[in-house]
1. Output the qualifying pairs, or none if there are none: Cβ atoms under 9 angstrom, residues six or more apart or on different chains, first residue in the range 14-30 and on the phi > 0 side of the Ramachandran plot, second residue not acidic (Asp, Glu).
2. If residue 41 satisfies every condition in (1) without any contact (Cβ under 8 Å) to a residue 40 or more places away in the chain; (2) acidic (Asp, Glu); (3) under 15 Å from residue 3 (Cβ atoms) but one, which is the exception?
3. Considering only residues that are among the small types (Gly, Ala, Ser) and free of Cβ contacts under 8 Å to residues at least 60 places away in the same chain, which ones fall in the range 81-123?
4. I'd like to check something: does the range 109-123 contain any residue that is closer than 19 Å to residue 1 by Cβ, among the hydroxyl-bearing types (Ser, Thr, Tyr) and touching a strand residue (DSSP E or B) at 6+ places or on another chain (Cβ under 9 Å)?
5. Would you check if residue 43 is part of a loop (DSSP other than H, G, I, E, B) and at pLDDT 95 or above?
6. So residue 5 clears everything in (1) out of contact with any helix residue (DSSP H, G or I) (no Cβ under 8 Å at 6 or more places or on another chain); (2) surrounded by 19 or more Cβ atoms within 10 Å (Cβ to Cβ) except one condition, right? Which one?
7. Only one of 38, 44, 50, 3 is hydrophobic (A, V, I, L, M, F, W, C), farther than 19 Å from residue 103 by Cβ and out of contact with any Lys or Arg (no Cβ under 9 Å at 6 or more places or on another chain). Can you tell me which?
Amino acid sequence: MRALIVDDSRPIRRIESNILQELGFETIEACDGVEALAVLESGADVPDVALVDWNMPNMNGLDLIKAVRADETYKPMIILMVTTETETSQMLRALTAGADEYLMKPFQKEGLIEKLRLVGAVS
């Protein structure tokens with residue numbers, strides 16, 4: 001299983017990557033939405049899961065989700081928005097745009113694993 005981690009914070013990418021690798025995922029990292037789209041369009045296998053931050057330079061996570069969901073190629077990819085945005089209205093925007101689940105930072109390892117279970121990415 002493959003996971004794409006999109007966050008402008010290197011420490012957050014590392015934390016998420018370590019958790020996912022413990023769960024058996026191969027991870028790919030991108031620092032913003034533009035880099036994430038480049039990774040997706042590179043011709044590599046479509047990731048099974050993407051963890052996407054909201055607030056990033058160049059292209060934010062919400063715009064990335066909209067772009068990904070507009071392309072049928074990525075329809076099966078599970079998207080988890082992982083962000084400091086805590087307003088219910090923001091959560092609704094992300095889910096409406098195509099996120100499958102929403103996790104607020106800071107999070108505990110168990111919280112991320114539980115969200116991955118909810119969307120069927122891990123058992």
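The values are calculated or read from the model by the stated rules, or taken from the named source; none is laboratory data. Please read all numbers here as calculations on a predicted model, not as lab measurements. Because the Cβ atoms are built from the backbone with ideal geometry, glycine has one as well, and the counts that use them run over all protein chains shown.
1. Pairs found: 24/1; 24/122.
2. (3)
3. 89, 94, 97, 98, 99, 111, 120, 123
4. Within the range 109-123 (the criterion being closer than 19 Å to residue 1 by Cβ, among the hydroxyl-bearing types (Ser, Thr, Tyr) and touching a strand residue (DSSP E or B) at 6+ places or on another chain (Cβ under 9 Å)), the answer is no, since none of the residues qualifies.
5. For residue 43, the condition - part of a loop (DSSP other than H, G, I, E, B) and at pLDDT 95 or above - is not met.
6. Failing condition for residue 5: (1).
7. The match here is 38.
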